[in-house]
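The structure appears below as structure tokens.
The values are calculated or read from the model by the stated rules, or taken from the named source; none is laboratory data. All values reported here derive from a predicted model rather than from experimental measurement. For accessibility, only protein heavy atoms count, side chains too; no ligands or nucleic acids. Shrake-Rupley method; radii C 1.70, N 1.55, O 1.52, S 1.80 Å.
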Amino acid sequence: MSNVKKILIADDEADILEIIQFNLQAEGYKVITAKNGDEAIDQAKKHQPDLIILDIMMPGKNGIEVCNILRLQPAFKDTLIVFLTALSDEGTEIRSLETGADDYLTKPISPKVLVSKITALFRRVNSNKEEPVVLQIGDLQIDREKYLVNLHNNEIILARKEFELLALLASRPGKVFLRNEILNQVWGTEVIVGDRTIDVHIRKIRQKLNLDCITTVKGVGYKFEL
């Protein structure tokens, strides 16, 4: 039973809680529920779930506030957090992802689609726990120990920061990396760089690889797709 994943769902609509809980339990997950933001924080601290599904518009603290509070605590730094909300505007999505959410899903969503999204998130995390030194994605090979990039058996020369940026994005294909997240991981928190720094480096990577493998997510960040 120790391998059973725990999921906390916070939503003020009882019928939604019930439907999601039923479908996740049917897949073997242990489900904890909360009806508002404050209860979500209490339940998270009590049960230490592997994943938290948050509605945004809840009584008391809203989902974004809950996410902010939890992300500031070391115990929830790596906890998966997903927003499930009726709000579908770009501004809310950007704000949600910037708080550190792993995904943003809009209602209505079929229970089967939701379960498949959750399962995919867990699979992605598990696959990244022991990251290989050499990343092989199609014909692209990235050797993180030797700082070498090979494409179609041809060595591609990248500057160090270009390499680190490509390796970061390629380490989790499909994940949207926020601009701040990229700056912190590639350039570090103590280095001040201009807003265009990432854009310039990504443009150079695309040119050198002659490959459109990095997608710009407007107003949010970038993701690697091949």
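With n ≥ 4 as the cut-off for DSSP H runs, can you work out [θ] at 222 nm for the chain, using -39500 (n - 2.57) per run divided by the number of residues, rounded to the nearest 500?
-12000 deg cm²/dmol
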### Query
Distance from the Cα centre of region 145-174 to that of region 69-91, in angstrom?
30 Å
## Note on the structure
Residue by residue through region 54-62, the couplings from Karplus 6.51 cos²θ - 1.76 cosθ + 1.60 with θ = phi - 60°, in Hz, x for Gly and Pro, are 10, 6, 8, 8, 10, x, x, 6, 7
### Message
Can you list residues from other chains, or at least 5 along the same chain, whose modelled amide H is less than 5 Å from the amide H of Ile214?
### Response
Glu225
## Note on the structure
Expected vector for region 80-94, Karplus 3J(HN,Hα) from phi with 6.51, -1.76, 1.60 and θ = phi - 60°, integer Hz, x for Gly and Pro, equals 6, 10, 10, 8, 10, 8, 7, 7, 10, 7, 4, x, 5, 5, 4
### Message
With N set to the number of residues, divide the alpha-carbon radius of gyration of region 1-154 by 2.2 N^0.38 Å and report two decimals.
### Response
1.19
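Could you please state how large a percent of the accessible area of the chain is carbon and sulfur, counting protein chains only and using a 1.4 Å probe?
Values: 6050 of 12340 Å².
Summing carbon and sulfur atoms, their accessible area is 49 percent of the total for the chain.
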### Message
Test of understanding: express the Cα radius of gyration of region 37-111 as a ratio to 2.2 N^0.38 Å, with N the residue count.
### Response
1.02
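Above 14 Å lies some portion of the pair distances; for region 24-80, what is it as a whole percent of all C-alpha pairs?
Details: 820 of 1596 pairs.
Here the long-distance tail beyond 14 Å is 51 percent of all Cα pairs in region 24-80.
Compute the accessible area per residue over region 137-206, keeping the other protein chains in place, probe 1.4 Å, unit Å². Can you show the working numbers first?
On the way: 3940 Å² over 70 residues.
For region 137-206, the solvent-accessible area averages 56 Å² per residue.
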